[in-house]
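A.B. asks: Below you'll find the structure I mean.
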Amino acid sequence: MITSRRFLPSIPSLLALEAVDRLGSASAAAEDLSLTQSAISRQLRQLEEQMGVELIARDQVRLRLTPAGNEFVKEARFVLTRLGQASIKLRANPAGGSLNLSILPAFGLNWLAPRLKDFVAAHPDVSVNLQTHNLPFDFGTSGAQAAIHYGTRDWPDVEYLPLMPKHVLPVCAPSLLSRPVQAPVDLLALPLLHLETHPDSWEQWFALNGLGVSKLEGMLFDQSSTMTQAAVHGLGVALLPSFLVDHEIAQGRLCLALEGEAKTLGEYFLVWPENQSTYAPLGQFRKWLTSQIAE
């Protein structure tokens, strides 16, 4: 239920307050919003009168928000952001069928994206809007209705669709190896590349190969794609998903640093908040995704 209308401020007044907080003056806010300075001041006064609370501390240098104003503008900015996202989504798909999906960059670009055209062809009434994430995020603030998650079932209040294990291989540029690597321990003599979001992947891999190691050093990357290119250019050995490196190996840009089977580190999931379970576009996407992983 929406609260009483007399407590709902106008959008122009919220925009004025947000711009003043962000820019620090009525003149800058006026320029940002294509209004006059007096119009900004009028919107702020109307908002204070409606709320019955002083939101702006006025001095000769700049406008500052009061403590109450600071708290209020955080909520106002969140509401304006979500309303803007909803408007963009409505314009992009007037029929109303859309799915906001947050993806892991490497998985999304290399596994999901090449297949997504099949979903779009089968469901032309559903618009899939993609956003990327590396670190854990909050469904409440991201605007996403589902996400690709890697790791274990450790998110609260969500449901899971298992997609596939993460099979990883140690790879490097052929020029990095002066001689064949005979055993996992030999990799410790080579520069190892690390992913910021999974800094212990090498330790896990060595443990699966019977070696207990810790505090491994090396270059750190925030994206698997960047780390892949670093490996291609001979900067070190990278531990990467098989779906990400198969093409590079086939093209000769990368090779296995150590012959052997891929090791499994964690699993990929599609996750969604429990309150989105009955959302039709999400249900269609889950059904399609299930058919893709069954192939």
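The values are calculated or read from the model by the stated rules, or taken from the named source; none is laboratory data. Owing to the predicted nature of the structure, the values given are computational and were not obtained by experimental measurement. Note that we place each Cβ from the backbone using ideal geometry, even for glycine, and neighbour counts take in every protein chain shown.
A.B. asks: Would you call THR264 out of contact with any Gly (no Cβ under 9 Å at 6 or more places or on another chain) and without any contact (Cβ under 8 Å) to a residue 24 or more places away in the chain? Explain how you work it out, then say what you get.
C.D. replies: Numbers: out of contact with any Gly (no Cβ under 9 Å at 6 or more places or on another chain): yes; without any contact (Cβ under 8 Å) to a residue 24 or more places away in the chain: no.
Criteria not met by THR264.
A.B. asks: Please pick out the residue among LEU112, LEU104 that is modelled with pLDDT of 90 or more and buried (at least 18 other Cβ atoms within 10 Å of the Cβ).
C.D. replies: LEU112
A.B. asks: Out of the residues in region 63-101 that are closer than 25 Å to THR278 by Cβ and among the polar types (S, T, N, Q), state the one that is modelled with the highest pLDDT.
C.D. replies: So, considering only residues that are closer than 25 Å to THR278 by Cβ and among the polar types (S, T, N, Q), the one modelled with the highest pLDDT is ASN100.
For (1) among the small types (Gly, Ala, Ser); (2) surrounded by 13 or more Cβ atoms within 10 Å (Cβ to Cβ), each residue gets a yes or a no:
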site: LEU15; (1), (2): no, yes
site: SER34; (1), (2): yes, no
site: SER38; (1), (2): yes, no
site: LEU44; (1), (2): no, yes
site: VAL53; (1), (2): no, no
site: THR66; (1), (2): no, yes
site: ARG77; (1), (2): no, yes
site: THR81; (1), (2): no, yes
site: GLN85; (1), (2): no, yes
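A.B. asks: Can you tell me how many residues within region 236-286 are within 27 Å of the chain's Cα centre (by Cα), more than 24 Å from MET219 (Cβ to Cβ) and among the aliphatic types (A, V, I, L, M)?
C.D. replies: So the count comes out to 4.
A.B. asks: Something else now. Out of THR197, THR228, report the one residue that is among the hydroxyl-bearing types (Ser, Thr, Tyr) and farther than 22 Å from THR152 by Cα.
C.D. replies: Testing whether each residue is among the hydroxyl-bearing types (Ser, Thr, Tyr) and farther than 22 Å from THR152 by Cα leaves just THR228.
A.B. asks: Further question on the same structure: Select from region 136-169 the residues that are under 25 Å from GLN85 (Cβ atoms) and of a type in the set (Val, Ile, Thr) and write down the one among them that is surrounded by the most Cβ atoms within 10 Å (Cβ to Cβ).
C.D. replies: Only one residue tops the list, namely ILE148.
A.B. asks: Taking interchain pairs and intrachain pairs at least six residues apart, which have beta carbon atoms under 8 angstrom, with the first residue in region 138-150 and closer than 22 Å to HIS198 by Cα and free of Cβ contacts under 8 Å to residues at least 60 places away in the same chain and the second among the acidic types (Asp, Glu) and part of a loop (DSSP other than H, G, I, E, B)?
C.D. replies: none
For (1) within 25 Å of ARG153 (Cβ to Cβ); (2) touching a strand residue (DSSP E or B) at 6+ places or on another chain (Cβ under 9 Å); (3) of a type in the set (A, V, I, L, M, F, W, C); (4) in contact (Cβ under 8 Å) with a residue 40 or more places away in the chain, each residue gets a yes or a no:
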site: PRO170; (1), (2), (3), (4): no, yes, no, yes
site: PRO174; (1), (2), (3), (4): no, yes, no, yes
site: LEU190; (1), (2), (3), (4): no, yes, yes, yes
site: GLN204; (1), (2), (3), (4): yes, yes, no, yes
site: ALA238; (1), (2), (3), (4): no, yes, yes, yes
site: CYS255; (1), (2), (3), (4): no, yes, yes, yes
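A.B. asks: Exactly one of (1) among the basic types (Lys, Arg); (2) surrounded by 17 or more Cβ atoms within 10 Å (Cβ to Cβ); (3) in the same structural domain as TRP111 (by TED's automatic domain parsing) is unmet by LYS287. Its number?
C.D. replies: (2)
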